[in-house]
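Reviewing the structure listed below.
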Amino acid sequence: MTLRLYNTLTGQLDPLFAEDGKALRMYACGPTVYDYGHIGNFRTFLQIDVLRRFLLLTGTRLLHVMNITDVDDKIIRNAAAAGVSIQDYSAPFVQAFLEDLDALRIQHPEQLARATEHIDRMVELIQKLAAAGAAYQTEDGSWYFRLSAFPEYGKLSKKDLSGMEDGARVDVDEYEKDSARDFALWKAAKPGETFWDTAIGRGRPGWHIECSAMAMEYLGDSFDLHAGGEDLMFPHHENEIAQSETATHKPFARHWMHVRFLLVDGRKMSKSEGNFYTLRDLLLKGYKASAIRMALISVPYRHQLNFTFDGLVDATSAIDRLRTFRHRLTSGTYAPGKNSALQEAAKKAEADYMAALANDLNTAEARAPIFDLIRMANTAMDQGQLLAGDRDAILAVLASFDAVFDVLEDHDAEPTRRALEWAEKAGRLGDVAPGLLARQALTDEAVDALVAERTLAKKQRNFARADQIRNELAEKGIILEDSKDGVRWKRK
RNA sequence: GGCGCGGUACCCAAGUGGUAAGGGAGAGGUCUGCAAAACCUUUAUGCGCCGGUUCGAUCCCGGCCCGCGCCUCCA
C-alpha cells in the first residue's frame with residue numbers, strides 16, 4: 001500500500017516512496033534545545049511519528065534523520081546569562097527532550113544528528129558555495145548566501161520575492177549584506193561568544209546550514225522526504241533548498257511535509273497568552289501521556305488542532321474504551337471456530353483503517369472503523385457469538401491500529417512518575433494536581449490486596465464491606481470492574 | 001497588503017455531487033447485590049450567510065461575514 005502524502009512542493013497528494021527502492025530516506029527538523037519542549041513541538045514530532053509508523057507498518061524500510069540544534073542565538077544568550085558553556089546549558093534539555101519522546105512513545109529516528117558535531121561539514125558546504133560565487137563574506141567575517149544566485153528561490157513556499165527584494169536597495173556599506181534577503185551561513189564570533197576556529201574564520205554556523213549539511217551527510221545530496229512544522233517552510237526550508245541545490249546542482253528533497261500548528265483554546269499558544277504548556281506541565285496536572293498522544297494525533301496533521309483540556313479528557317475516555325475492549329477480548333474464553341460476519345468485519349475494518357492512513361495520514365478517519373469493529377465485537381460477545389478465530393482476527397486488527405497509535409498498552413505510570421521526580425528537583429511541586437502524588441504513591445500491590453479482600457467479602461455476602469472498599473479505592477482514582485472472569489481495576 | 005487554511009450536532013472531528021463516519025458528553029432503557037463495563041434508543045430535514053450551476057450541493061462556482069496561520073531564525 002502506497003501512502004499518498006501532500007507534498008508542499010507540488011501542492012498535491014503525491015505517492016511517497018523510496019527512490020532507490022531500498023530505504024526511504026527522510027529528514028525531519030528537530031528541536032532547538034534552549035528549553036523544554038511544548039505541546040506544539042510535540043504535535044509535530046507525533047505526526048512525524050505517525051508517518052514513520054505507518055511506513056513501517058506497510059513494510060517500508062526507513063532511514064530517518066533528525067537534527068538537534070544545540071547551537072543558536074538563544075542558546076548562546078541563555079548560556080551566557082547562566083554563566084555556563086552552551087554544552088552545559090543545553091545538555092539537560094537534550095536529555096529532557098529524549099525523555100519526552102519516550103513518554104509520548106515517539107520512536108527515535110535511525111539517526112540523531114547534533115549541529116555541534118557537524119561543524120566541519122557545514123564549513124565545507126559554505127566553501128563550496130563560496131567557490132561557486134553564491135556565498136560572500138562581509139567585513140565582520142560573517143558569511144551570507146547570495147539569494148540572486150538561486151533564481152528558484154520561493155518555489156516551496158510559493159513566494160514571489162522579485163517584487164519585494166532590493167526595492168529599496170541603496171548603496172550598502174561593506175559591513176552589510178548585498179541584499180536584505182540574503183541569509184547568514186556563518187556568523188562571525190562576537191567578543192565572549194562561543195566560536196569554532198575554521199578555514200572560513202572564527203564563528204558559528206547560521207541556522208539553515210546545519211540541516212543542509214547533516215541531511216546530505218546521512219542521506220546524500222538528494223533524498224525522499226523532508227518534514228517539519230509549518231513555520232519552517234519559510235524561510236528555513238526555502239533556505240535549505242537554496243543552499244543545497246546551489247551547491248550540488250541536484251534536487252534536495254523530492255517530497256516536503258509540513259505539520260500545521262496547534263491552537264490552545266482557539267488561540268495561538270504563547271507564553272504571554274498564558275496558554276503555553278510543556279509536556280511536563282500536562283503530566284503534573286494529572287493527564288496521562290497516552291491521552292496527550294491520542295489527542296495530538298487524532299486530528300490529521302494538515303488541519304489546525306485546537307488543544308483543550310476537554311480534548312484530553314475525551315481522549316482518555318476513548319483510550320479507556322479501547323483498552324477495556326481488548327481486555328475483555330483477551331480475558332474471555334471462546335469456542336473454537338470462526339463467525340463469517342465477524343471475519344468479514346475485521347477484514348473490512350483493517351482495510352478501511354489502512355486506506356484512511358494511506359490517504360494523507362487521515363488519523364481521524366482511521367479511528368472510525370476500529371471503533372465500529374469494537375461495537376460489533378462487543379455485541380457478538382454479549383450474545384456469545386464471538387469465536388476464538390474471531391478473537392484472533394480482531395486482535396490482529398488492533399495490533400495494526402496500535403502499531404501507529406500505540407495507546408493500548410498502559411505505559412502511563414512511568415512518565416508521570418518521572419515528571420513528579422523532575423518537579424521535585426525543579427521546585428515545581430506547587431504545580432502538581434491535588435491527589436496526584438497520593439495516587440502515584442499507591443502501588444499496584446496495595447490495590448491488589450484491597451481487591452482481594454473485597455472479593456472475599458463478596459463471597460461472604462458482606463456487601464457493606466465490599467462497597468466500602470470500592471468507595472475507598474474510588475477516592476484514590478481506582479475504578480473496579482466485576483465480571484464473571486474476575487475483577488479488573490484501572491487507574492482513572 | 002501578499003500567500004494559505006478553516007467555519008459540520010452540547011464538545012472534539014471525518015466526509016461525499018445523490019441526501020450526514022467516529023470519539024466524548026447528556027437523557028432513557030437492558031444487564032447487574034451495588035457499581036463499572038457492554039449493548040439498545042435518543043441529541044444536525046441539517047453541514048457560517050446569500051446567490052449561481054445542476055434533476056439534485058454540505059460537498060462545484062461567485063460574493064459576503066467570522067476565525068486562524070505564514071510573510072519577524074516560534075514545531
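The values are calculated or read from the model by the stated rules, or taken from the named source; none is laboratory data. None of the values given here were measured: they were computed from a predicted structure. Virtual Cβ from ideal backbone geometry, glycine too; neighbours counted across all protein chains shown. Calculation scope for accessible area: heavy atoms of the full protein, side chains included, ligands and nucleic acids excluded. Shrake-Rupley method; radii C 1.70, N 1.55, O 1.52, S 1.80 Å.
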Legend entry - Filter result (within 9 Å of RNA strand B (Cβ to nearest atom) and of a type in the set (F, W, Y)) within segment A:199-243: A:W207, A:F234
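Each row is one residue, and each column tells you yes or no for (1) within 12 Å of RNA strand B (Cβ to nearest atom); (2) among the hydroxyl-bearing types (S, T, Y); (3) crowded, with 20+ Cβ neighbours inside 10 Å.
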| residue | (1), (2), (3) |
| --- | --- |
| A:T10 | no, yes, no |
| A:R25 | no, no, yes |
| A:G37 | yes, no, yes |
| A:Q47 | yes, no, yes |
| A:L56 | no, no, no |
| A:G59 | no, no, no |
| A:A79 | no, no, yes |
| A:D88 | no, no, no |
| A:F93 | yes, no, yes |
Inset, instruction - Please indicate, with yes or no, whether at least one residue in segment A:405-419 is more than 14 Å from RNA strand B (Cβ to nearest atom), outside the structural domain of A:L104 (by TED's automatic domain parsing), surrounded by fewer than 19 Cβ atoms within 10 Å (Cβ to Cβ) and closer than 30 Å to A:N7 by Cα. - result: no
Inset, instruction - Tell me, please, whether a residue that is more than 23 Å from A:S340 (Cβ to Cβ) and modelled with pLDDT of 95 or more can be found in segment A:377-388. - result: no
Inset, instruction - Tell me which of these A:R391 doesn't satisfy, since it passes every other one: (1) open to solvent by 10 Å² or more (accessible area, probe 1.4 Å); (2) in contact (Cβ under 8 Å) with a residue 60 or more places away in the chain; (3) touching a helix residue (DSSP H, G or I) at 6+ places or on another chain (Cβ under 7 Å); (4) under 20 Å from A:R293 (Cα atoms). - result: (4)
Inset, instruction - Among residues belonging to segment A:139-155 that are without any contact (Cβ under 8 Å) to a residue 40 or more places away in the chain and surrounded by fewer than 19 Cβ atoms within 10 Å (Cβ to Cβ), point out the one that is farthest from A:A213 (Cα to Cα). - result: A:E139
Legend entry - Cross-chain or 6+ apart pairs with Cβ under 9 Å, segment A:174-188 first and part of a strand (DSSP E or B) and at pLDDT below 80, then of a type in the set (D, E) and within 11 Å of RNA strand B (Cβ to nearest atom): none
